[in-house]
Amino acid sequence: MSILIKNGILVNPGGSGTADVLTTDGTVRDAGTPDVLTTDGTVRDAGTADVLITDSLVSVVSPVILNYDADRVIDAAGMYILPGGVDPHVHMHLPSEAGYSSDDFLSGSRAAIFGGTTTIIDFVTPEKGESLPVALEKRMKEAESSLADFSFHVSPVEWRSRTPDEIRECIRMGVTSFKVYMAYKNTVGIDDEDLLKVLKAVGKAGGTVTVHCEEGDEIERLRDHYFRTDPANPRSHALSRPAKLEASAVKKAIGLAAKAGCPLYIVHVSSKESLEHIRQARLNKQPLFAETCPQYLLLDDSGYSGSFEQAAGYVISPPLRTPEDNMALWEALTDGTLNTVGTDHCPFTMKQKKAGADDFRKIPGGAGGVEQRLQLLYTYGILTRRLNFNQMVNLTSTAPARIFGLQRKKGIVEAGSDADLVIWNPDAGSTISAESHHMNCDINIYEGMQVRGRAEYVIRSGRLMIENGKLATDLTPGQYLSRKV
Ligand code: MN
Ligand code: MN
(Lines give C-alpha, C1' and ligand atoms only; values in the text may rest on other atoms or scores of the structure.)
(Ligands and ions follow the chains in the order given, each with its own letter.)
Protein backbone atom coordinates (compact mmCIF):
# COMPACT_ATOMS: atom_id res chain seq x y z
CA MET A 1 0.00 0.00 0.00
CA SER A 2 1.27 3.47 -0.82
CA ILE A 3 0.08 6.64 0.84
CA LEU A 4 0.71 10.19 -0.24
CA ILE A 5 0.23 12.79 2.47
CA LYS A 6 -0.09 16.25 1.07
CA ASN A 7 -0.04 19.74 2.46
CA GLY A 8 0.92 18.89 6.03
CA ILE A 9 3.65 20.31 8.24
CA LEU A 10 6.30 17.78 9.10
CA VAL A 11 7.57 17.96 12.68
CA ASN A 12 10.80 16.16 13.49
CA PRO A 13 12.94 16.75 16.61
CA GLY A 14 15.37 18.93 14.69
CA GLY A 15 12.85 21.19 13.06
CA SER A 16 9.57 21.56 11.28
CA GLY A 17 8.45 22.71 7.93
CA THR A 18 8.10 21.93 4.31
CA ALA A 19 9.17 18.48 3.40
CA ASP A 20 8.32 15.91 0.84
CA VAL A 21 8.42 12.38 2.09
CA LEU A 22 7.98 9.13 0.23
CA THR A 23 7.45 5.80 1.91
CA THR A 24 7.78 2.44 0.27
CA ASP A 25 7.89 -1.05 1.76
CA GLY A 26 7.35 0.15 5.30
CA THR A 27 10.27 2.55 5.42
CA VAL A 28 10.97 6.17 4.73
CA ARG A 29 13.39 6.29 1.83
CA ASP A 30 13.99 10.00 1.76
CA ALA A 31 12.60 13.14 3.28
CA GLY A 32 13.28 16.78 2.50
CA THR A 33 14.97 19.06 4.96
CA PRO A 34 12.62 21.28 6.89
CA ASP A 35 12.74 24.93 5.88
CA VAL A 36 11.54 26.33 9.09
CA LEU A 37 12.84 25.90 12.60
CA THR A 38 10.67 26.77 15.54
CA THR A 39 12.13 27.76 18.84
CA ASP A 40 9.34 28.79 21.11
CA GLY A 41 5.90 27.42 21.42
CA THR A 42 4.55 26.43 18.07
CA VAL A 43 5.45 26.00 14.48
CA ARG A 44 5.14 29.54 13.22
CA ASP A 45 5.63 29.14 9.57
CA ALA A 46 5.95 26.13 7.44
CA GLY A 47 5.12 25.26 3.95
CA THR A 48 3.26 22.26 2.79
CA ALA A 49 4.73 18.82 3.00
CA ASP A 50 3.89 15.90 0.82
CA VAL A 51 4.46 12.54 2.38
CA LEU A 52 4.21 9.46 0.26
CA ILE A 53 4.08 6.02 1.78
CA THR A 54 4.22 2.84 -0.18
CA ASP A 55 4.01 -0.35 1.82
CA SER A 56 5.73 0.50 5.04
CA LEU A 57 8.77 2.60 4.18
CA VAL A 58 8.95 6.32 3.84
CA SER A 59 11.06 7.10 0.84
CA VAL A 60 12.34 10.01 -1.13
CA VAL A 61 10.79 13.17 -1.59
CA SER A 62 11.47 14.24 -4.98
CA PRO A 63 9.61 15.40 -8.01
CA VAL A 64 8.82 11.71 -8.40
CA ILE A 65 6.27 12.17 -5.67
CA LEU A 66 4.38 14.68 -7.67
CA ASN A 67 3.58 12.11 -10.26
CA TYR A 68 3.31 9.14 -7.95
CA ASP A 69 0.06 7.30 -8.36
CA ALA A 70 -0.49 6.47 -4.68
CA ASP A 71 -3.13 4.03 -3.49
CA ARG A 72 -4.29 6.62 -1.07
CA VAL A 73 -3.92 10.39 -0.89
CA ILE A 74 -4.49 12.18 2.41
CA ASP A 75 -4.90 15.91 2.50
CA ALA A 76 -3.19 17.06 5.69
CA ALA A 77 -3.74 20.77 5.18
CA GLY A 78 -3.74 22.53 8.54
CA MET A 79 -2.36 19.44 10.23
CA TYR A 80 1.03 18.25 11.47
CA ILE A 81 2.85 15.09 10.48
CA LEU A 82 4.77 13.52 13.38
CA PRO A 83 6.78 10.35 13.82
CA GLY A 84 4.63 7.78 15.64
CA GLY A 85 4.90 8.02 19.41
CA VAL A 86 7.18 5.64 21.33
CA ASP A 87 6.00 4.96 24.88
CA PRO A 88 8.97 3.52 26.77
CA HIS A 89 6.97 2.54 29.85
CA VAL A 90 3.73 0.54 29.72
CA HIS A 91 2.40 -2.50 31.55
CA MET A 92 -0.23 -4.46 29.64
CA HIS A 93 -1.81 -7.53 31.20
CA LEU A 94 0.18 -7.15 34.42
CA PRO A 95 -0.58 -9.72 37.12
CA SER A 96 -1.45 -8.34 40.55
CA GLU A 97 -3.15 -9.54 43.73
CA ALA A 98 -6.29 -7.86 42.39
CA GLY A 99 -6.11 -9.69 39.06
CA TYR A 100 -4.54 -8.64 35.77
CA SER A 101 -4.39 -4.95 34.96
CA SER A 102 -7.46 -4.19 32.89
CA ASP A 103 -5.81 -3.55 29.53
CA ASP A 104 -4.38 -6.53 27.72
CA PHE A 105 -1.99 -6.10 24.79
CA LEU A 106 -4.85 -5.74 22.32
CA SER A 107 -6.98 -3.20 24.18
CA GLY A 108 -4.01 -1.27 25.55
CA SER A 109 -2.22 -1.03 22.22
CA ARG A 110 -5.45 -0.02 20.50
CA ALA A 111 -5.78 2.85 22.98
CA ALA A 112 -2.12 3.72 22.33
CA ILE A 113 -2.73 3.84 18.59
CA PHE A 114 -5.78 6.08 19.08
CA GLY A 115 -3.50 8.46 20.93
CA GLY A 116 -0.76 8.47 18.29
CA THR A 117 1.62 5.98 19.88
CA THR A 118 2.76 3.27 17.48
CA THR A 119 5.52 1.66 19.56
CA ILE A 120 5.33 0.47 23.17
CA ILE A 121 7.99 -0.91 25.47
CA ASP A 122 6.49 -3.21 28.09
CA PHE A 123 8.14 -5.38 30.74
CA VAL A 124 9.08 -8.98 31.36
CA THR A 125 8.76 -9.96 35.01
CA PRO A 126 9.88 -13.57 35.56
CA GLU A 127 8.79 -15.79 38.39
CA LYS A 128 11.46 -16.39 41.02
CA GLY A 129 13.69 -19.14 39.68
CA GLU A 130 12.54 -18.70 36.09
CA SER A 131 15.18 -17.91 33.50
CA LEU A 132 15.05 -14.46 31.91
CA PRO A 133 15.07 -15.70 28.27
CA VAL A 134 12.27 -18.18 28.99
CA ALA A 135 10.16 -15.45 30.59
CA LEU A 136 10.93 -13.20 27.62
CA GLU A 137 9.72 -15.87 25.15
CA LYS A 138 6.47 -16.22 27.11
CA ARG A 139 5.89 -12.49 27.18
CA MET A 140 6.56 -12.20 23.44
CA LYS A 141 3.71 -14.65 22.88
CA GLU A 142 1.37 -12.67 25.15
CA ALA A 143 2.12 -9.55 23.17
CA GLU A 144 1.38 -11.02 19.75
CA SER A 145 -2.02 -9.34 19.69
CA SER A 146 -0.47 -5.87 20.07
CA LEU A 147 -1.50 -3.41 17.38
CA ALA A 148 1.56 -1.32 18.17
CA ASP A 149 5.10 -2.49 17.54
CA PHE A 150 6.52 -3.69 20.84
CA SER A 151 9.64 -4.41 22.80
CA PHE A 152 10.44 -5.19 26.44
CA HIS A 153 12.61 -4.32 29.37
CA VAL A 154 13.50 -7.56 31.20
CA SER A 155 13.57 -7.62 35.01
CA PRO A 156 16.12 -9.60 36.96
CA VAL A 157 14.00 -9.99 40.12
CA GLU A 158 16.81 -11.81 41.95
CA TRP A 159 20.49 -12.54 41.50
CA ARG A 160 21.51 -16.07 40.51
CA SER A 161 24.82 -17.41 39.24
CA ARG A 162 23.32 -17.75 35.77
CA THR A 163 21.99 -14.19 35.67
CA PRO A 164 24.91 -12.74 33.63
CA ASP A 165 24.51 -15.47 30.99
CA GLU A 166 20.78 -14.87 30.86
CA ILE A 167 21.31 -11.15 30.42
CA ARG A 168 23.61 -11.80 27.47
CA GLU A 169 21.06 -14.22 26.01
CA CYS A 170 18.31 -11.58 26.29
CA ILE A 171 20.56 -9.13 24.46
CA ARG A 172 20.98 -11.69 21.67
CA MET A 173 17.19 -11.90 21.62
CA GLY A 174 16.92 -8.17 21.03
CA VAL A 175 16.43 -6.79 24.53
CA THR A 176 18.99 -4.21 25.57
CA SER A 177 17.42 -2.79 28.71
CA PHE A 178 16.85 -4.38 32.09
CA LYS A 179 14.50 -3.13 34.78
CA VAL A 180 15.13 -3.24 38.48
CA TYR A 181 12.91 -2.22 41.37
CA MET A 182 14.32 -0.72 44.54
CA ALA A 183 10.83 -0.94 46.07
CA TYR A 184 8.46 -3.96 46.27
CA LYS A 185 11.14 -6.12 47.87
CA ASN A 186 8.67 -8.81 48.90
CA THR A 187 7.87 -9.46 45.21
CA VAL A 188 10.05 -8.08 42.41
CA GLY A 189 12.41 -5.71 44.22
CA ILE A 190 16.08 -6.42 44.86
CA ASP A 191 18.46 -5.13 47.50
CA ASP A 192 21.34 -2.76 46.84
CA GLU A 193 23.94 -5.49 46.75
CA ASP A 194 22.12 -7.36 43.97
CA LEU A 195 21.34 -4.10 42.20
CA LEU A 196 25.06 -3.45 41.95
CA LYS A 197 25.61 -6.94 40.53
CA VAL A 198 22.91 -6.41 37.91
CA LEU A 199 24.39 -3.02 36.99
CA LYS A 200 27.83 -4.55 36.55
CA ALA A 201 26.56 -7.47 34.45
CA VAL A 202 24.37 -5.31 32.22
CA GLY A 203 27.07 -2.65 31.87
CA LYS A 204 29.59 -5.29 30.84
CA ALA A 205 27.15 -6.71 28.28
CA GLY A 206 26.58 -3.26 26.78
CA GLY A 207 22.99 -2.77 27.97
CA THR A 208 21.15 -0.18 30.02
CA VAL A 209 19.52 -0.58 33.42
CA THR A 210 16.21 1.12 34.04
CA VAL A 211 15.27 1.59 37.66
CA HIS A 212 12.24 2.28 39.81
CA CYS A 213 13.70 4.47 42.52
CA GLU A 214 12.04 4.35 45.91
CA GLU A 215 13.60 3.21 49.18
CA GLY A 216 11.69 -0.04 49.62
CA ASP A 217 12.53 -0.92 53.22
CA GLU A 218 11.62 2.46 54.65
CA ILE A 219 8.42 2.51 52.58
CA GLU A 220 7.37 -0.89 53.96
CA ARG A 221 7.86 0.45 57.49
CA LEU A 222 5.75 3.52 56.70
CA ARG A 223 3.03 1.46 55.03
CA ASP A 224 2.65 -0.63 58.15
CA HIS A 225 2.64 2.51 60.26
CA TYR A 226 -0.14 4.15 58.21
CA PHE A 227 -2.06 0.90 58.11
CA ARG A 228 -2.23 1.10 61.89
CA THR A 229 -3.29 4.76 61.92
CA ASP A 230 -5.48 5.20 58.78
CA PRO A 231 -5.94 1.87 56.98
CA ALA A 232 -8.85 2.61 54.65
CA ASN A 233 -7.63 5.95 53.35
CA PRO A 234 -5.95 6.04 49.92
CA ARG A 235 -4.01 9.08 51.13
CA SER A 236 -2.05 6.72 53.35
CA HIS A 237 -0.54 5.37 50.14
CA ALA A 238 0.91 8.78 49.32
CA LEU A 239 2.01 9.51 52.88
CA SER A 240 3.93 6.25 53.03
CA ARG A 241 5.91 7.07 49.86
CA PRO A 242 7.36 10.56 50.46
CA ALA A 243 9.41 12.35 47.81
CA LYS A 244 12.55 12.19 49.91
CA LEU A 245 12.51 8.38 49.67
CA GLU A 246 12.42 8.66 45.88
CA ALA A 247 15.23 11.22 45.87
CA SER A 248 17.49 9.20 48.13
CA ALA A 249 16.94 6.11 45.96
CA VAL A 250 17.73 8.16 42.85
CA LYS A 251 20.95 9.30 44.47
CA LYS A 252 21.85 5.78 45.48
CA ALA A 253 21.07 4.27 42.05
CA ILE A 254 23.19 6.93 40.37
CA GLY A 255 26.08 6.17 42.70
CA LEU A 256 25.85 2.42 42.10
CA ALA A 257 25.59 2.87 38.31
CA ALA A 258 28.69 5.07 38.34
CA LYS A 259 30.56 2.44 40.32
CA ALA A 260 29.40 -0.31 37.94
CA GLY A 261 30.01 1.69 34.77
CA CYS A 262 26.48 1.06 33.52
CA PRO A 263 24.19 3.51 31.70
CA LEU A 264 21.16 4.23 33.87
CA TYR A 265 17.59 5.21 32.96
CA ILE A 266 15.46 6.41 35.85
CA VAL A 267 11.77 5.76 35.26
CA HIS A 268 8.87 7.97 36.37
CA VAL A 269 10.74 10.75 38.16
CA SER A 270 8.06 12.53 40.19
CA SER A 271 9.80 14.96 42.52
CA LYS A 272 11.79 18.14 42.45
CA GLU A 273 14.27 16.73 44.92
CA SER A 274 15.21 13.86 42.58
CA LEU A 275 16.03 16.30 39.78
CA GLU A 276 18.94 17.77 41.72
CA HIS A 277 20.69 14.40 41.89
CA ILE A 278 20.16 13.88 38.17
CA ARG A 279 21.61 17.31 37.37
CA GLN A 280 24.62 16.62 39.54
CA ALA A 281 25.31 13.29 37.82
CA ARG A 282 25.09 15.00 34.42
CA LEU A 283 27.71 17.50 35.51
CA ASN A 284 29.88 14.51 36.28
CA LYS A 285 29.29 13.28 32.71
CA GLN A 286 27.66 10.06 33.83
CA PRO A 287 25.58 8.26 31.19
CA LEU A 288 22.15 8.84 32.64
CA PHE A 289 18.63 9.24 31.29
CA ALA A 290 15.47 10.16 33.12
CA GLU A 291 11.77 9.89 32.41
CA THR A 292 8.68 11.49 33.81
CA CYS A 293 5.00 10.88 33.03
CA PRO A 294 2.03 13.18 32.37
CA GLN A 295 0.48 12.38 35.74
CA TYR A 296 3.49 13.86 37.54
CA LEU A 297 3.37 16.98 35.37
CA LEU A 298 -0.36 17.60 35.53
CA LEU A 299 -1.87 16.08 38.67
CA ASP A 300 -1.08 16.67 42.32
CA ASP A 301 -1.71 15.22 45.74
CA SER A 302 -5.02 17.03 46.11
CA GLY A 303 -6.27 13.92 44.29
CA TYR A 304 -6.04 12.02 47.56
CA SER A 305 -8.72 14.14 49.24
CA GLY A 306 -12.27 12.94 49.21
CA SER A 307 -13.87 9.52 49.26
CA PHE A 308 -12.22 6.21 48.53
CA GLU A 309 -13.75 6.17 45.06
CA GLN A 310 -12.52 9.67 44.31
CA ALA A 311 -9.00 8.95 45.48
CA ALA A 312 -8.30 5.29 44.67
CA GLY A 313 -7.65 5.96 40.98
CA TYR A 314 -4.65 8.05 41.98
CA VAL A 315 -3.03 5.22 43.87
CA ILE A 316 0.07 4.92 41.73
CA SER A 317 3.74 4.64 42.61
CA PRO A 318 5.37 7.00 43.03
CA PRO A 319 2.31 8.90 44.28
CA LEU A 320 1.21 12.29 42.99
CA ARG A 321 3.29 15.11 44.48
CA THR A 322 2.77 18.86 44.94
CA PRO A 323 2.15 21.65 42.42
CA GLU A 324 5.72 22.76 43.11
CA ASP A 325 6.96 19.38 41.92
CA ASN A 326 4.78 19.70 38.79
CA MET A 327 6.45 23.01 37.93
CA ALA A 328 9.94 21.70 38.59
CA LEU A 329 9.31 18.74 36.27
CA TRP A 330 8.09 21.00 33.45
CA GLU A 331 11.24 23.03 33.83
CA ALA A 332 13.33 19.86 33.78
CA LEU A 333 11.72 18.86 30.48
CA THR A 334 12.80 22.08 28.86
CA ASP A 335 16.30 22.26 30.30
CA GLY A 336 17.11 18.67 29.33
CA THR A 337 17.29 17.20 32.83
CA LEU A 338 14.47 14.87 31.84
CA ASN A 339 14.82 13.06 28.53
CA THR A 340 11.53 11.29 27.95
CA VAL A 341 7.84 11.25 28.81
CA GLY A 342 6.40 7.75 29.22
CA THR A 343 3.08 6.86 30.82
CA ASP A 344 3.60 3.89 33.18
CA HIS A 345 0.26 2.79 31.72
CA CYS A 346 -1.22 0.20 34.09
CA PRO A 347 -4.98 0.62 34.56
CA PHE A 348 -7.11 -1.11 37.17
CA THR A 349 -10.89 -0.85 37.38
CA MET A 350 -12.69 0.58 40.40
CA LYS A 351 -13.77 -2.93 41.30
CA GLN A 352 -10.11 -3.96 41.37
CA LYS A 353 -9.13 -0.86 43.35
CA LYS A 354 -11.74 -1.86 45.94
CA ALA A 355 -9.63 -4.87 46.85
CA GLY A 356 -8.02 -2.28 49.13
CA ALA A 357 -11.17 -0.69 50.50
CA ASP A 358 -10.23 -1.71 54.06
CA ASP A 359 -6.47 -1.82 53.63
CA PHE A 360 -4.85 0.76 51.37
CA ARG A 361 -1.86 -1.56 50.95
CA LYS A 362 -4.07 -3.85 48.86
CA ILE A 363 -5.20 -1.20 46.37
CA PRO A 364 -3.57 -2.24 43.10
CA GLY A 365 -1.15 0.53 42.13
CA GLY A 366 -1.43 1.91 38.64
CA ALA A 367 -3.43 4.02 36.22
CA GLY A 368 -4.05 4.16 32.49
CA GLY A 369 -2.70 6.94 30.33
CA VAL A 370 -1.18 5.48 27.17
CA GLU A 371 -3.94 7.06 25.07
CA GLN A 372 -3.64 10.63 26.34
CA ARG A 373 0.11 11.21 26.40
CA LEU A 374 0.41 13.26 23.21
CA GLN A 375 -2.87 15.08 23.70
CA LEU A 376 -1.93 16.15 27.23
CA LEU A 377 1.55 17.30 26.26
CA TYR A 378 0.18 19.12 23.24
CA THR A 379 -2.48 20.91 25.26
CA TYR A 380 -0.58 21.59 28.46
CA GLY A 381 2.93 21.73 27.03
CA ILE A 382 2.77 23.25 23.57
CA LEU A 383 -0.32 25.42 23.76
CA THR A 384 0.89 26.88 27.05
CA ARG A 385 4.28 27.49 25.42
CA ARG A 386 6.21 25.45 27.93
CA LEU A 387 7.46 23.25 25.09
CA ASN A 388 7.70 23.55 21.36
CA PHE A 389 6.46 20.85 19.02
CA ASN A 390 9.96 19.64 18.20
CA GLN A 391 10.70 19.15 21.89
CA MET A 392 7.45 17.28 22.34
CA VAL A 393 8.26 14.93 19.46
CA ASN A 394 11.69 14.39 20.96
CA LEU A 395 10.36 13.60 24.45
CA THR A 396 7.59 11.27 23.30
CA SER A 397 9.19 9.56 20.33
CA THR A 398 12.73 10.38 19.23
CA ALA A 399 14.53 10.24 22.58
CA PRO A 400 12.91 7.02 23.81
CA ALA A 401 13.72 5.44 20.43
CA ARG A 402 17.34 6.57 20.60
CA ILE A 403 17.92 5.62 24.23
CA PHE A 404 16.49 2.13 23.71
CA GLY A 405 18.20 1.22 20.46
CA LEU A 406 15.43 2.00 17.96
CA GLN A 407 17.00 5.12 16.51
CA ARG A 408 16.62 5.88 12.81
CA LYS A 409 13.76 3.35 12.58
CA LYS A 410 11.48 4.95 15.13
CA GLY A 411 11.18 8.50 16.39
CA ILE A 412 11.90 10.34 13.17
CA VAL A 413 10.55 10.78 9.67
CA GLU A 414 13.51 10.59 7.34
CA ALA A 415 14.96 8.39 4.67
CA GLY A 416 15.03 4.83 5.98
CA SER A 417 12.77 5.27 8.97
CA ASP A 418 9.75 3.05 9.53
CA ALA A 419 6.55 4.48 8.12
CA ASP A 420 4.98 5.12 11.51
CA LEU A 421 3.29 8.49 11.26
CA VAL A 422 0.71 10.54 13.06
CA ILE A 423 -1.28 13.23 11.33
CA TRP A 424 -2.18 15.56 14.15
CA ASN A 425 -5.26 17.72 13.95
CA PRO A 426 -4.56 20.75 16.15
CA ASP A 427 -8.12 22.05 16.02
CA ALA A 428 -10.00 19.10 17.49
CA GLY A 429 -11.13 19.66 21.05
CA SER A 430 -12.48 17.19 23.57
CA THR A 431 -12.95 16.41 27.23
CA ILE A 432 -11.18 13.37 28.60
CA SER A 433 -13.53 10.81 30.08
CA ALA A 434 -13.67 7.13 30.92
CA GLU A 435 -17.00 7.19 29.05
CA SER A 436 -15.29 7.89 25.75
CA HIS A 437 -11.68 6.73 26.06
CA HIS A 438 -10.51 3.50 24.43
CA MET A 439 -8.66 2.05 27.40
CA ASN A 440 -10.41 -0.89 29.02
CA CYS A 441 -11.07 0.81 32.33
CA ASP A 442 -13.86 2.68 34.10
CA ILE A 443 -11.40 5.16 35.62
CA ASN A 444 -9.50 7.91 33.86
CA ILE A 445 -7.22 9.93 36.13
CA TYR A 446 -7.57 12.90 33.73
CA GLU A 447 -11.38 12.75 33.84
CA GLY A 448 -12.92 16.10 32.90
CA MET A 449 -9.73 17.71 31.58
CA GLN A 450 -10.15 19.71 28.38
CA VAL A 451 -7.71 18.85 25.63
CA ARG A 452 -6.95 20.10 22.16
CA GLY A 453 -5.60 18.10 19.27
CA ARG A 454 -6.06 14.53 18.25
CA ALA A 455 -4.50 11.89 16.05
CA GLU A 456 -6.63 12.26 12.94
CA TYR A 457 -4.71 9.58 11.04
CA VAL A 458 -2.25 7.04 12.41
CA ILE A 459 -0.08 4.99 10.11
CA ARG A 460 1.95 2.06 11.43
CA SER A 461 4.34 0.15 9.15
CA GLY A 462 2.88 2.01 6.21
CA ARG A 463 -0.68 0.92 7.01
CA LEU A 464 -3.57 3.11 8.04
CA MET A 465 -4.65 2.27 11.59
CA ILE A 466 -6.70 5.38 12.39
CA GLU A 467 -8.65 7.31 9.80
CA ASN A 468 -10.56 10.48 10.63
CA GLY A 469 -10.09 9.63 14.29
CA LYS A 470 -11.64 6.19 13.91
CA LEU A 471 -10.11 2.75 13.96
CA ALA A 472 -9.53 1.33 10.49
CA THR A 473 -11.22 -1.96 9.72
CA ASP A 474 -8.33 -3.88 8.21
CA LEU A 475 -5.83 -4.02 11.09
CA THR A 476 -2.62 -5.97 11.28
CA PRO A 477 -0.75 -6.68 14.50
CA GLY A 478 2.48 -4.92 15.30
CA GLN A 479 5.87 -6.57 15.35
CA TYR A 480 8.36 -7.49 18.01
CA LEU A 481 11.24 -5.06 17.72
CA SER A 482 14.65 -6.61 18.12
CA ARG A 483 16.98 -3.96 19.52
CA LYS A 484 20.75 -3.70 19.46
CA VAL A 485 23.17 -2.40 22.07
MN1 MN B 1 7.45 1.76 38.88
MN1 MN C 1 5.99 0.93 35.74
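The values are calculated or read from the model by the stated rules, or taken from the named source; none is laboratory data. All figures in this text were calculated on a predicted structure; none of them were measured in a lab. Here the Cβ is made from the backbone with ideal geometry for all residues, glycine too, and neighbour counts use every protein chain on show. Remember, those area values only see protein heavy atoms, side chains included, never the ligands or the DNA or RNA. Shrake-Rupley method; radii C 1.70, N 1.55, O 1.52, S 1.80 Å.
Overview of values
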| read-out | value |
| --- | --- |
| Test set (1) more than 25 Å from residue 113 (Cβ to Cβ); (2) in contact with an Asp or Glu (Cβ under 7 Å, 6 or more places away or on another chain) - residue 354 fails condition number | (2) |
| Where a residue in region 115-127 is acidic (Asp, Glu) and open to solvent by less than 10 Å² (accessible area, probe 1.4 Å) and its partner, wherever it lies, is within 16 Å of ligand 2 (Cβ to nearest atom) and outside any loop (DSSP other than H, G, I, E, B), with Cβ under 6 Å and at least six apart | 122/90; 122/152 |
| Residues satisfying the stated conditions in region 291-309, i.e. closer than 23 Å to residue 379 by Cβ and either under 23 Å from the mean Cα position of the chain (by Cα) or of a type outside the set (Ser, Thr, Tyr) (or both) | 291, 292, 293, 294, 295, 296, 297, 298, 299, 300, 301, 303 |
| Matching entry among 355, 399 (being assigned by TED's automatic domain parsing to the domain that holds residue 282, among the hydrophobic types (A, V, I, L, M, F, W, C), within 20 Å of residue 227 (Cα to Cα) and away from ligand 1 (no atom under 16 Å from the Cβ)) | 355 |
| Complete set of residues in region 139-180 that are over 18 Å from residue 119 (Cβ atoms) and in a helix (DSSP H, G or I) | 141, 163, 164, 165, 166, 167, 168, 169, 170, 171, 172 |
| Residue in region 229-278 that is most open to solvent (accessible area, probe 1.4 Å), counting only those that are basic (Lys, Arg) and in a helix (DSSP H, G or I) | 259 |
| Some residue of region 313-335 being in a helix (DSSP H, G or I), farther than 29 Å from residue 385 by Cβ, open to solvent by 60 Å² or more (accessible area, probe 1.4 Å) and away from ligand 2 (no atom under 16 Å from the Cβ) | no |
| Every residue from region 366-390 that is in contact (Cβ under 8 Å) with a residue 60 or more places away in the chain and open to solvent by 40 Å² or more (accessible area, probe 1.4 Å) | 380, 383, 385 |
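Yes/no per residue for (1) in contact with a Gly (Cβ under 6 Å, 6 or more places away or on another chain); (2) open to solvent by 10 Å² or more (accessible area, probe 1.4 Å):
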residue	(1), (2)
83	yes, no
94	no, yes
97	no, yes
102	no, yes
106	no, yes
113	no, no
